[in-house]
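Here's the structure we're looking at; comments come further down.
The values are calculated or read from the model by the stated rules, or taken from the named source; none is laboratory data. Only a predicted model underlies this, so the values are computations on that prediction, with no experimental measurement involved. Every residue, glycine as well, gets a Cβ built from its backbone with ideal geometry; the counts of neighbours run over all protein chains shown. With ligands, DNA and RNA removed, areas are computed over all heavy atoms of the protein, side chains included. Shrake-Rupley method; radii C 1.70, N 1.55, O 1.52, S 1.80 Å.
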Amino acid sequence: MIAINYVYILDDMLKGKLVPVLMVVIVIMAFAMGAMWSKLRGTNQAVPIQPVVAVGKYKSFDEAIKDVAKQAGVKDQNKLVTCMNSGEKKLIVDADEAEGSGFGVSGTPAFFINGRLLAGAYPFEEFKKIIDEELAGKADKKVTRAKTVLGNAPTRGSGKVTLIEYSDFQCPFCSRAFPTVQKILSEYDGKVLFAYKHFPLTSIHPHAQKAAEASECARDQDKFWEFHDKLFATQSDWASL
């Protein structure tokens, strides 16, 4: 009898008699699964993920400059910050920028090697090529030279070759050029005189002008180069404030 019943049931399914019943069952199961998924999803949303907020090293640019001054060994950091905000060094920075523009500088870093322009953060090898030519007196006589002057610019090193940089403390390319300049002074000790001049690109670097003025304030305390080095070394800490 059981076998016969199975045959009848199978026969009914084939004839489509049980299809409506199966459809109802499928719909009910789909509804139940949907409700369960919505409940689970709602549970997950009940505990939102809190975004991670990055905390900067400094709360303000003044605080950053004060700390950089401290790292550079500036004795009176408060005096330096006051000096920077007073605007008393603005004319010095502006004069450098105007001078650089007159020599064709439009971006930073821009270097003049005995008056020969090398614009950009070039690798050491490019500087070496020109410096070696100048030291050997083998430079092409037709090479273009700007009539650059040291003026009152801070200098380090000494030698037959004068390397003048127009730079921006907030410029990432200037930061990349910084170790190259250090290598030049080390490799050509006693052969290259290096001078730093300001060329802040204020349209894209909002802190460049004040950083330049701060370096002149550090110079008043005989710490220009220490402050110069620390500004570039810590650029990532203060440039985005």
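For segment 88-189, which whole-number percentage of the solvent-accessible area (1.4 Å probe, protein heavy atoms only) is attributable to carbon and sulfur atoms?
Carbon plus sulfur share of accessible area: 51 percent.
Kirkwood hydrodynamic radius, segment 180-241, all distinct C-alpha pairs: what's the number in Å? Write down the numbers at each step before the final one.
Values: mean 1/r = 0.0768 Å⁻¹.
One over the average 1/r among Cα pairs gives 13.0 Å for segment 180-241.
Distance in nm between label sites at T82 and S186, each 7 Å beyond Cα in the beta-carbon direction?
So the label points at T82 and S186 sit 3.9 nm apart.
Beyond a 30 Å Cα-Cα separation, which of these cross-linked pairs lie in this structure: K79/K160; K90/K141; K59/K223; K138/K230; K75/K191; K66/K191?
Checking Cα-Cα distances, K79/K160; K90/K141; K138/K230; K75/K191; K66/K191 exceed 30 Å.
Find the percent of Cα-Cα distances in segment 65-132 that exceed 14 Å, and round it to a whole number.
Numbers: 1592 of 2278 pairs.
Distances greater than 14 Å cover 70 percent of the Cα pairs.
Could I have the simple spin-label model distance between R156 and K90, label points 7 Å from Cα toward Cβ, reported in nm to one decimal?
2.9 nm
Remind me, what semi-axes does segment 132-227 give for its equivalent ellipsoid, largest first in whole Å, using sqrt of 5 times each Cα gyration tensor eigenvalue?
Value: 26, 16, 13 Å, ordered largest first.
Using a Förster distance of 22 angstrom, determine the FRET efficiency expected from the C-beta separation of R176 and I204, and round it to 0.05. Walk me through the intermediate numbers first.
Details: r = 16 Å, r/R0 = 0.73.
Calculated transfer efficiency: 0.85.
Multiplying the sequence separation of T144 and F124 by 0.36 nm and subtracting their Cα-Cα distance, what value in nm do you get?
Gain on stretching T144 to F124: 5.1 nm.
Report the Cα centroid-to-centroid distance between segment 212-240 and segment 153-194 in angstrom, as an integer.
15 Å
Using modelled backbone amide H atoms (1.01 Å from N, in-plane), which distant-in-sequence or interchain residues come within less than 5 Å of K191's amide H?
S158
Would you list, by chain and number, the aspartates and glutamates whose Cα falls below 16 Å from the Cα of K142, excluding same-chain residues fewer than 8 positions away?
Of all the aspartates and glutamates, those that pass the test against K142 - Cα under 16 Å, at least 8 places apart if same chain - are E133, E134.
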